[in-house]
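Following: one structure in structure tokens, then a few remarks.
The values are calculated or read from the model by the stated rules, or taken from the named source; none is laboratory data. Since the model is a prediction, treat every value here as computed from it, not as a measurement. Counting neighbours? That spans all protein chains shown, and the Cβs are built from the backbone with ideal geometry, glycine included.
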């Protein structure tokens, strides 16, 4: 499902949840796990479609940056190890 479709789906489901229907009924109607519905409600409840989209974009960016930092940390560790070995060999 494309991200904008997922944002629209989340917004639609959460708007239905505002009606006062039980989460279990809404989850069944939309084919969504009830725990996922509650997670969406905690994360996005009361937000506009644009706000949900922005939060999703920020989550994706944060995930990408977290992976990049981990890659750079590993690279830095490897460089430190190589430099340490070179210095040990020189002494």
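Tell me which residues, restricted to the range 42-56, are surrounded by 10 or more Cβ atoms within 10 Å (Cβ to Cβ) and without any contact (Cβ under 8 Å) to a residue 40 or more places away in the chain.
Selection gives 43, 44, 45, 47, 48, 50, 51, 54, 55.
Quick one: is residue 65 surrounded by fewer than 11 Cβ atoms within 10 Å (Cβ to Cβ) and either assigned to a helix (DSSP H, G or I) or touching a strand residue (DSSP E or B) at 6+ places or on another chain (Cβ under 9 Å) (or both)?
yes
Which condition breaks for residue 13 when tested against (1) free of Cβ contacts under 8 Å to residues at least 40 places away in the same chain; (2) on the phi < 0 side of the Ramachandran plot; (3) out of contact with any helix residue (DSSP H, G or I) (no Cβ under 7 Å at 6 or more places or on another chain)?
Only one criterion is unmet by residue 13, namely (3).
Just one of 50, 82 is more than 21 Å from the chain's Cα centre (by Cα) and either at pLDDT below 95 or part of a helix (DSSP H, G or I) (or both); which is it?
Numbers: 50 fails: more than 21 Å from the chain's Cα centre (by Cα).
It is 82.
Quick check on this structure: which one of 75, 4 is part of a helix (DSSP H, G or I), modelled with pLDDT of 95 or more and surrounded by 10 or more Cβ atoms within 10 Å (Cβ to Cβ)?
Checking each option against the conditions leaves just 75.
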